[in-house]
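Okay, structure first, notes after.
The values are calculated or read from the model by the stated rules, or taken from the named source; none is laboratory data. Here the structure is a predicted model, which is why all the values come from computation and not from measurement. Reconstructed Cβ throughout: ideal geometry from the backbone, glycine too, with neighbour counts over all protein chains shown.
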Amino acid sequence: MSPVQGADIAATWTATTLPGGPFLSRRGPDLWLEEVRLADLAKEFGTPLYVYSRSAMRAAAAEYQQALANRPHLLCYAMKANSSLAVIKTFADMGLGFDIVSGGELARVIAAGGDPAKVVFSGVGKSRIEMAEALKAGVKCFNVESESELLTLSAVSSSLGQTAAVSLRVNPDVDAKTHPYISTGLKGNKFGVAHERARAAYALAARLPGIRVVGIDCHIGSQITEVAPYLDALERLLDLVEQVEADGALIHHIDLGGGLGITYTDEQPPAAGMLIAQLLARIEARGHGHRELLMEPGRSLVGNAGVMLTEVLVLKPSPEKNFCIVDAAMNDLIRPAMYQAWMGIVPCSQRFGEAMTWDVVGPVCESGDWLGRDRALTLKIGDMLAVLSAGAYGMTMASNYNTRPRAAEVMVDGDQATLIRRRETVQELFCNDILPA
């Protein structure tokens with residue numbers, strides 16, 4: 001490949017496939033997020049560094065809000081995707097509720113100024129302590145995932161003299177056509193009440209003290225790129241609503257979960273507005289338009305709003321593979337190692353010259369420590385790279401493996417960049433350790 005060809009390919013790639021809509025752009029050789037040059041942020045705050053566009057997050061949430069505007073609804077951000085307080089506050093300020101899966105996430109919602117009355121508590125293994133905390137905080141409802149959980153929640157709420165509003169999460173046995181690790185709506189998955197057990201579970205809920213049935217819920221997976229699985233799940237859910245109400249229960253809301261995918265490489269997920277329009281049309285046609293509709297988007301609100309910046313430490317050509325070793329690792333971004341996920345990797349400042357094919361890897365002592373394989377890049381030691389579409393399941397899944405401090409986080413809003421989480425220090429990583437006498 002000639003130097004000119006390498007430059008042409010790199011320029012074409014960045015011009016046509018940068019995710020993030022109008023918020024992430026190449027201006028000349030430099031990569032910008034909103035009105036901030038990413039290379040400048042890497043120099044100011046160090047690397048690895050997560051950077052998020054506030055405007056991109058708001059635009060993604062607004063698309064859902066506009067599509068749902070003419071009917072009773074609650075949009076709940078699935079905060080497991082990114083639980084930074086600044087991110088939570090961004091959505092709370094827009095009036096969103098939150099889908100949580102732990103007591104810790106509830107504490108984050110409250111700390112960020114979110115409204116507990118707009119919180120739905122999901123998850124297959126809520127502890128008694130978490131249930132009690134949620135009841136005292138006044139969450140909107142519990143998405144209950146088993147009959148065993150119903151019994152425990154009944155005991156906890158009764159002991160507190162309270163009534164827990166519940167929505168049963170039903171497993172509709174629908175294939176979301178996504179990675180098996182993030183598929184949640186099949187019979188073999190651990191989530192939800194089996195479809196054939198749902199009527200009996202609702203009958204049990206109606207008999208239990210301290211329990212009030214308010215809704216029905218399903219969530220079939222994550223990174224879904226087709227409308228059909230949603231429609232299939234909805235049909236099965238509406239069938240159950242009619243059966244359960246015939247049995248005497250009242251279903252006030254329908255919760256369709258989240259899971260809408262984003263573009264990492266060549267995926268073409270439906271726009272949120274188009275998905276919602278088709279769901280609403282089906283709901284109306286079945287005569288359920290009067291019910292409140294809940295949705296729990298996560299990745300689709302934050303995924304393409306974020307990047308992770310990392311510095312090239314070592315360039316290590318070899319006969320079999322060329323390795324570009326960077327200062328970010330699998331502890332900073334686990335998706336490639338865990339899901340074999342493809343994420344775009346581009347230079348913060350484009351070099352012109354002959355591109356080589358590199359595996360972009362981290363310094364952690366694992367062969368699985370990689371961020372991208374077989375990437376055509378023109379590189380020098382000290383270059384800054386941006387891993388794209390890193391706003392979801394990046395920092396929120398980070399760890400301290402190899403005693404590595406977790407990265408800092410920055411929020412960009414227009415031409416302003418604000419540190420929203422400082423970088424950990426090594427000393428903080430073992431401050432809770434106790435040496436035996």
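Would you mention how many residues in segment 266-317 are of a type in the set (Lys, Arg), assigned by TED's automatic domain parsing to the domain that holds Pro229, out of contact with any His (no Cβ under 8 Å at 6 or more places or on another chain) and not in a helix (DSSP H, G or I)?
1
Within segment 330-355, count every residue that is more than 22 Å from the chain's Cα centre (by Cα), modelled with pLDDT under 95, of a type in the set (A, V, I, L, M, F, W, C) and crowded, with 16+ Cβ neighbours inside 10 Å.
Matching residues across segment 330-355 total 1.
Among residues belonging to segment 363-375 that are under 23 Å from the mean Cα position of the chain (by Cα) and under 17 Å from Val314 (Cα atoms), point out the one that is surrounded by the fewest Cβ atoms within 10 Å (Cβ to Cβ). Spell out how you get there, then give the answer.
So the first thing to find is which residues in segment 363-375 are under 23 Å from the mean Cα position of the chain (by Cα), and the list is 368-372.
Still in the running and under 17 Å from Val314 (Cα atoms): 369-372.
Values: Asp369: 20, Trp370: 18, Leu371: 27, Gly372: 20.
So, considering only residues that are under 23 Å from the mean Cα position of the chain (by Cα) and under 17 Å from Val314 (Cα atoms), the one surrounded by the fewest Cβ atoms within 10 Å (Cβ to Cβ) is Trp370.
Residue pairs, Cβ under 6 Å, 6 or more apart or interchain, first in segment 111-126 and farther than 11 Å from Glu145 by Cβ, second among the hydrophobic types (A, V, I, L, M, F, W, C) and part of a strand (DSSP E or B). List them.
Taking only residues 6 or more apart or on different chains, the pairs are Gly114/Phe98; Val119/Phe98; Val119/Ile100; Val120/Cys76; Val120/Cys141.
Conditions first: (1) of a type outside the set (Phe, Trp, Tyr); (2) at pLDDT 95 or above; (3) within 30 Å of Gly372 (Cα to Cα); (4) in contact with a helix residue (DSSP H, G or I) (Cβ under 8 Å, 6 or more places away or on another chain). Met295 passes all but one, so which condition is the exception?
Failing condition for Met295: (3).
Within the set of pairs 6+ apart or on separate chains, which have a first residue in segment 276-297 that is more than 12 Å from Leu68 (Cβ to Cβ), a second that is in a loop (DSSP other than H, G, I, E, B), and C-beta atoms under 6 Å apart?
Gln278/Val227; Glu296/Gly257; Glu296/Gly258
Among the candidates Ser53, Ser84, Ser102, single out the residue that is surrounded by fewer than 21 Cβ atoms within 10 Å (Cβ to Cβ), among the small types (Gly, Ala, Ser) and at pLDDT 95 or above.
On the way: Ser53 fails: surrounded by fewer than 21 Cβ atoms within 10 Å (Cβ to Cβ); Ser84 fails: surrounded by fewer than 21 Cβ atoms within 10 Å (Cβ to Cβ).
It is Ser102.
Every residue, every condition in (1) more than 21 Å from Leu85 (Cα to Cα); (2) among the β-branched types (Val, Ile, Thr); (3) out of contact with any strand residue (DSSP E or B) (no Cβ under 9 Å at 6 or more places or on another chain), yes or no:
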site	(1), (2), (3)
Leu279	yes, no, no
His288	yes, no, no
Gly303	no, no, yes
Leu315	yes, no, no
Asn322	yes, no, no
Asp327	yes, no, no
Gln340	yes, no, yes
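Take Ala201 and tell me if it is farther than 18 Å from Lys126 by Cβ, assigned by TED's automatic domain parsing to the domain that holds Ile283 and of a type in the set (A, V, I, L, M). Let's see the steps before the verdict.
Working: farther than 18 Å from Lys126 by Cβ: no; assigned by TED's automatic domain parsing to the domain that holds Ile283: yes; of a type in the set (A, V, I, L, M): yes.
Answer is no for this residue.
Quick one: which strands (runs of 3 or more DSSP E) sit completely within segment 57-138 and have at least 1 residues that are in contact with a Cys (Cβ under 8 Å, 6 or more places away or on another chain), of a type in the set (S, T, N, Q) and in the same structural domain as Gly394 (by TED's automatic domain parsing)?
Values: elements: 73-78, 97-100, 119-121.
It comes to none.
Report the residue count in segment 399-428 for those that are surrounded by fewer than 20 Cβ atoms within 10 Å (Cβ to Cβ) and either of a type outside the set (Ser, Thr, Tyr) or over 29 Å from Tyr77 (Cβ atoms) (or both). It would help to see each step written out before you state the result.
First, the residues of segment 399-428 that are surrounded by fewer than 20 Cβ atoms within 10 Å (Cβ to Cβ): 399-403, 405-406, 413-416, 418-428.
Next, from what is left, pick out any that are either of a type outside the set (Ser, Thr, Tyr) or over 29 Å from Tyr77 (Cβ atoms) (or both): 400, 402-403, 405-406, 413-416, 419-428.
Of the residues in segment 399-428, 19 are surrounded by fewer than 20 Cβ atoms within 10 Å (Cβ to Cβ) and either of a type outside the set (Ser, Thr, Tyr) or over 29 Å from Tyr77 (Cβ atoms) (or both).
Look at segment 242-255 and say how many of its residues are touching a residue at least 40 places away in the same chain (Cβ under 8 Å) and on the phi < 0 side of the Ramachandran plot. Show your work before the answer.
Going residue by residue through segment 242-255, those that are touching a residue at least 40 places away in the same chain (Cβ under 8 Å) are 243-244, 247-249, 251-255.
The next check asks that each one be on the phi < 0 side of the Ramachandran plot; those that pass are 243-244, 247, 249, 251-255.
Of the residues in segment 242-255, 9 are touching a residue at least 40 places away in the same chain (Cβ under 8 Å) and on the phi < 0 side of the Ramachandran plot.
Listed here are the residues, each with its yes/no results for (1) under 30 Å from Leu33 (Cα atoms); (2) surrounded by fewer than 16 Cβ atoms within 10 Å (Cβ to Cβ).
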| position | (1), (2) |
| --- | --- |
| Val241 | no, no |
| Leu279 | no, no |
| Arg282 | no, yes |
| Leu294 | no, no |
| Val312 | yes, no |
| Ser318 | no, yes |
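Being in contact with a helix residue (DSSP H, G or I) (Cβ under 7 Å, 6 or more places away or on another chain) and part of a helix (DSSP H, G or I) is the filter; apply it to segment 243-259 and report the residue that is surrounded by the fewest Cβ atoms within 10 Å (Cβ to Cβ).
Top of the filtered list is Gln243.
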